[in-house]
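Q: Okay, handing you the structure first.
The values are calculated or read from the model by the stated rules, or taken from the named source; none is laboratory data. Note that the coordinates shown come from a computational prediction; the quantities given were computed from them, not determined experimentally. Every residue, glycine among them, receives a Cβ derived from its backbone with ideal geometry; neighbour counts consider all protein chains shown.
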Amino acid sequence: MNEGNSEMKHVEQAPEAQIQTKRSFSIIWVVPIIALLIGGGLAFKAMSGKGPEITITFETADGLVAGKTQIKFKDVEVGKVTQIDLSEDQSGVVITAEMNTNAKLYMTDKTDFWVVRAQIAAGEVSGLSTLLSGAYIGCNPSTEGQKTKQFKGLEKPPLVTFGMPGHHFTLQSKDLGSLDRGAPVYYRGIKVGQVVDYDFNHERDGVDIKLFIEAPFHDKVHENTRFWNASGVDLTMDATGIKLDTQSLVSIMLGGLTFDMPKDQSPGALAEDNNIFKLFKDRASIEEKTYTVKKFYMMYFDQNVRGLSPGAPVEMKGIRIGEVVDVKLQINKETQKIAIPVLIMVEPERIDILVTEEGVVADAEEKKEEFEESGDNRYDFVKAVSKGLRAQLKTGNLLTGQLYVDIDFYPEAPPVIAELGGTYPVIPTIPTPLEQIAESVSRIVKKVEKIPFDKIGKDLQVAIESLTAMLDEIKVMSGNINQETIPKVNSALDRLEEAMDGIKATLGPDSALNYNARQVTSEMALSIRSIRSLLEYLERDPQALLLGKKGDKK
């Protein structure tokens with residue numbers, strides 16, 4: 001028992017075991033942590049390298065494919081289409097695209113997008129590579145403007161001049177004419193630029209044409225340079241004749257512009273970028289001087305004015321001094337008289353006014369200033385009319401029948417009173433040369449027709465019968481004369497009777513002379529009528545002298 005108690009005592013006194021938990025890093029967690037770090041790094045890299053997401057609106061998505069269609073600038077990919085949807089109103093499509101990171105700077109409202117497809121425009125073939133690779137969206141980036149992520153795509157591709165050396169200029173015109181984007185710009189026959197865009201200017205009710213001149217030819221554009229339209233074939237037929245002007249075959253088909261300096265001017269300062277110029281209609285118009293003083297006059301014609309239209313020249317001694325402004329028709333209801341009022345504009349600065357003072361010619365410039373400061377110069381106008389100032393219509397071109405107004409002094413013209421009471425001073429008119437000839441011929445015909453040839457013949461017959469009766473009486477009386485004088489008297493009477501018979505045969509109503517006189521008179525009247533008809537026809541259709549009468553068979 002003692003042994004048993006000692007064993008139990010020994011067991012009870014044994015020390016208790018103490019358990020301690022030791023914390024240590026398990027190697028099993030290394031792999032997930034590394035994977036997490038790698039995934040986080042990749043995600044950060046992907047997020048930091050992602051460009052802006054934008055939307056572009058087009059009318060149609062023809063040729064565009066989500067996830068495939070690229071956005072390019074100078075054939076370098078700068079983005080990709082990720083989604084294509086219809087717009088809310090179904091009027092177009094909305095393209096969602098993801099741009100590259102370096103494209104953030106160019107996402108402004110001045111940046112343009114358009115779809116590039118194969119096409120022929122402005123004489124050039126472009127986009128042929130899209131026949132195999134498919135269409136892509138072109139981009140013309142710009143750092144100007146406000147930041148945006150929503151764009152409206154262009155339906156027509158613009159001409160990209162971003163980063164190219166040269167200058168942009170704007171031309172102001174009334175209308176666009178035959179110009180289009182890509183139309184060439186020439187300098188002395190060499191293509192140096194092109195039209196890049198155009199737009200309608202509502203403020204001035206005209207068209208603004210934007211063009212780009214490549215370097216180094218942009219240094220040929222000065223502040224006093226003139227641009228004019230060289231589009232197509234410039235064929236002009238007016239009172240001055242026929243003019244044909246063109247630049248090249250391309251300009252004939254597509255239109256074009258050209259520029260140069262006026263002949264009498266030296267180059268001014270170089271034009272700055274985006275400078276504005278006026279577009280002239282042709283080369284001749286850039287040489288025309290600009291006159292500020294303009295005088296308006298009225299004239300009335302009662303003849304055919306076919307061929308006279310607004311813009312027709314007004315000339316004096318062959319030198320242009322103005323142009324026709326308006327042509328109207330007036331009919332008096334009471335008298336049924338027809339008048340054609342023609343309003344003209346005269347530029348006095350085209351005329352050097354010289355005034356003689358006691359036989360010495362005064363200073364022209366000084367008198368010119370007096371002329372411009374004297375208002376409407378009514379006294380000078382009345383004086384000019386009193387000295388024979390008249391207006392006349394003349395044919396400027398026989399082929400086209402165009403008329404112009406010729407002003408000159410005709411001292412032999414009938415005197416008239418200058419009319420100054422209306423809105424405009426009235427310049428008296430005289431008939432055209434053809435009309436004057438027709439009037440002269442008409443007067444001759446009327447005078448010839450008034451000759452009483454029949455009455456003259458009858459009067460001659462009566463006179464001859466009276467003379468014959470008188471001769472018979474003389475023969476009776478001669479019986480009382482002595483025998484010596486009878487033979488002589490009878491001989492004289494016989495000779496007188498023979499003479500009277502000759503007169504009767506020559507001038508009698510049935511004589512050859514009387515018949516020939518009537519025949520010549522009749523033919524002369526017919527000829528004069530034919531001449532008058534010819535003159536009237538030539539007045540209506542003067543080109544018949546060159547082309548022949550209309551309807552003639554060849």
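Q: May I ask you to list the residues in region 266-284 that are under 30 Å from Q392 (Cα atoms) and exposed (fewer than 12 other Cβ atoms within 10 Å of the Cβ)?
A: Passing the criteria: none in range.
Q: So which pairs qualify, if the first residue must be in region 275-294 and closer than 18 Å to D264 by Cβ and among the aliphatic types (A, V, I, L, M), the second must be at pLDDT 80 or above and surrounded by 11 or more Cβ atoms within 10 Å (Cβ to Cβ), the Cβ gap must be under 7 Å, and the two must be at least 6 apart or on different chains?
A: The qualifying pairs are I286/R226; I286/W228; I286/P262; I286/F280.
Q: Which one of L176, L211 is in contact with a Phe, Trp or Tyr (Cβ under 7 Å, 6 or more places away or on another chain), closer than 30 Å to S266 by Cβ and touching a residue at least 24 places away in the same chain (Cβ under 8 Å)?
A: None of the others qualify; the one that does is L211.
Q: For region 306-358, give me the residue count where each residue is in a strand (DSSP E or B) and either modelled with pLDDT under 85 or hydrophobic (A, V, I, L, M, F, W, C) (or both).
A: Qualifying residue count, region 306-358: 18.
Q: Just to verify a result, which residue in region 165-182, among those that are at pLDDT below 90 and of a type in the set (A, V, I, L, M, F, W, C), is surrounded by the fewest Cβ atoms within 10 Å (Cβ to Cβ)?
A: Only one residue fits best here, namely L176.
Q: Which residue out of K104, K110 is surrounded by fewer than 18 Cβ atoms within 10 Å (Cβ to Cβ), modelled with pLDDT under 90 and touching a Pro at 6+ places or on another chain (Cβ under 8 Å)?
A: Answer to the check: K104.
Q: So P32 clears everything in (1) part of a helix (DSSP H, G or I); (2) modelled with pLDDT of 75 or more; (3) surrounded by 10 or more Cβ atoms within 10 Å (Cβ to Cβ); (4) not basic (K, R) except one condition, right? Which one?
A: (3)
Q: D408 - would you say it is farther than 15 Å from A312 by Cα and at pLDDT below 80?
A: In short, no.
Q: Let me ask something else about it. Which condition from (1) more than 26 Å from F58 (Cβ to Cβ); (2) of a type outside the set (A, V, I, L, M, F, W, C); (3) not assigned by TED's automatic domain parsing to the domain that holds M261 is the one that P158 breaks?
A: Looking at each condition in turn, P158 falls short on (1).
Q: Sort out which residues of region 382-414 are surrounded by fewer than 13 Cβ atoms within 10 Å (Cβ to Cβ) and of a type in the set (D, E, K, R), and write them in order of number.
A: Matches in region 382-414: K383, K387, E412.
Q: Within region 272-291, how many residues are polar (S, T, N, Q) and at pLDDT below 85?
A: Summing the residues that are polar (S, T, N, Q) and at pLDDT below 85 in region 272-291 gives 2.
Q: Out of L64, L37, L86, I need the residue that is modelled with pLDDT of 70 or more and outside the structural domain of N140 (by TED's automatic domain parsing). Which one?
A: On inspection, the qualifying residue turns out to be L37.
Q: Restricting attention to region 200-240, which residues are assigned to a loop (DSSP other than H, G, I, E, B) and modelled with pLDDT of 85 or more?
A: Passing the criteria: H202, E203, R204, D205, A215, P216, V221, E223, N224, T225.
Q: In region 292-302, is there at least one residue being over 24 Å from the mean Cα position of the chain (by Cα), modelled with pLDDT under 90 and assigned to a loop (DSSP other than H, G, I, E, B)?
A: Yes, region 292-302 has at least one match.
Q: Can you name the residue in region 295-341 that is touching a residue at least 40 places away in the same chain (Cβ under 8 Å) and among the charged types (D, E, K, R) and is also surrounded by the fewest Cβ atoms within 10 Å (Cβ to Cβ) among such residues?
A: By that ranking, first place goes to K317.
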